[in-house]
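All remarks here apply to the structure that follows.
The values are calculated or read from the model by the stated rules, or taken from the named source; none is laboratory data. Computed from a prediction, not measured in an experiment: that's the story for all the values here. We place every Cβ from the backbone using ideal geometry, glycine too, and count neighbours over all the protein chains shown.
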Amino acid sequence: MDIDAFRQSPVGQLVPISGHDTMLDRAYSHFAFVPTPLPATVSLNQGTYKAVSEADRAIGRLDAAAAHLPNPALLVRPTLYREAVSTSALEGTYAPLASVLEADYVDEGQQSYEVREVLNYVRAAQRGLALIHEKPICLTVIAELQRTLVRNTRGDSYDAGALRQRQVYIGERHNGIEKSRYVPPPNGETLVNGVSDWEKWLHAEDDIPLLVKAALGHYQFETLHPFSDGNGRLGRLIVVLQLIEAGALTQPILNLSPWLEPRKEKYKDLLLSTSLTGDFDPWVEFFAQAVLDQAQDAVKRISRLNDIRDGMLDRLKADKAKGVVLEIAQDLIGYPIITPTQAASMHHVTYPPANEAIKRLESLGFLKELTGRTYGRTYACEAVLRALDDD
């Protein structure tokens, strides 16, 4: 952490901190950065406002494209899983999309640590989507989501589900706090007040464009680093929840993390440089580009999934198929990995017709069996998986 550079920050101040590093078993004396509350008005250059405007229009086109689907909610599940994979990869946890989707049919005790952590994001996102229909984005909401994110992972500690009760820092733990990249505000009253100011700013009546508000809100959240673990994943989830809460998106079908993942060093550098310089332009423009590119990508992906579904249905109808086999085929864009038991439950039929329908889809090449077993079989629609996972 560049102490001299942070001393010059126009959007925060350094405060002295001291304590005991339990990992290194030694005392430390250092500084933490406390950001000032976000401004009520934001002045950006014309190029940044243009980028924000283009991104805003792309969000509108994405929402309209989803609305034209027979069942837009089908997109939610694969979108959340795809985001879960990439947002976890940004924090160093890697699990293939197919493995995460398949894990729905595996006991938690048999799931890998990586898969469990990714699935926690899906559960947190689903819970967040339910909660924002009951209350605004606030500490009560995000604390519950953080507890879900870290459940049964290395981040599941005594202060899970609450503002952190200890000092943390961003950097290699074995190098100590003095050589860290960034030290967020100390726990206690300073952190409580910072999160309270962030929450009030998020819901204040102002003329700040929604995407600028989402960008600045994300910056402040990550700078405050309010929890002991999961701040990056939670901060990116909050962005999507903001867009839905504001009515810009009807469904959570925007994946920012797949765009951010290959640019993670720039992503981190821009958040840090915003604290050093107080210049919001580079960060907001970067954020707007992420939204624009990913909204456009999502529209193309929706079109590709539509084509896959329509192609399967056309061929099945030509093959005189009807009933549950058509229903299962139509839902494969949301459930590209499926079992006969799940299909029976989803489509309110008994196991035999669901199993026969899946066998028919397999015989036509739409599904591929994954387990090689004669019982407890799991099937994948590889065309849908490719459409979801291709970058």
Going through the range 174-216 in order, the residues found to be farther than 21 Å from residue 227 by Cα, in contact with a helix residue (DSSP H, G or I) (Cβ under 7 Å, 6 or more places away or on another chain) and not aliphatic (A, V, I, L, M) are 209
Exactly one of 86, 18, 43, 29 is of a type in the set (S, T, N, Q) and surrounded by 14 or more Cβ atoms within 10 Å (Cβ to Cβ), and that residue is 86
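Residue-wise test of (1) crowded, with 21+ Cβ neighbours inside 10 Å; (2) at pLDDT below 95; (3) not hydroxyl-bearing (Ser, Thr, Tyr).
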site: 199; (1), (2), (3): no, no, yes
site: 202; (1), (2), (3): no, no, yes
site: 205; (1), (2), (3): no, yes, yes
site: 209; (1), (2), (3): no, no, yes
site: 217; (1), (2), (3): yes, no, yes
site: 234; (1), (2), (3): yes, no, yes
site: 241; (1), (2), (3): yes, no, yes
In the set 80, 24, 74, the lone residue that is within 30 Å of residue 375 (Cβ to Cβ) and either among the charged types (D, E, K, R) or out of contact with any helix residue (DSSP H, G or I) (no Cβ under 6 Å at 6 or more places or on another chain) (or both) is 74
In the range 133-169, anything buried (at least 16 other Cβ atoms within 10 Å of the Cβ), closer than 25 Å to residue 255 by Cα and β-branched (Val, Ile, Thr) is listed as 137, 141, 142, 148, 150, 153
Only one of (1) in a loop (DSSP other than H, G, I, E, B); (2) among the aliphatic types (A, V, I, L, M); (3) out of contact with any helix residue (DSSP H, G or I) (no Cβ under 7 Å at 6 or more places or on another chain) does not apply to residue 240, and that is (1)
Wholly inside the range 1-105, helices (runs of 4 or more DSSP H) that include 1 or more residues that are under 27 Å from residue 273 (Cβ atoms) are 3-7, 46-67, 76-89
Within the range 106-115, of all residues that are of a type outside the set (S, T, N, Q) and in a helix (DSSP H, G or I), the one modelled with the lowest pLDDT is 109
Requiring at least 3 residues that are closer than 24 Å to residue 72 by Cβ and free of Cβ contacts under 8 Å to residues at least 60 places away in the same chain, the helices (runs of 4 or more DSSP H) wholly within the range 306-391 are 324-331, 340-346
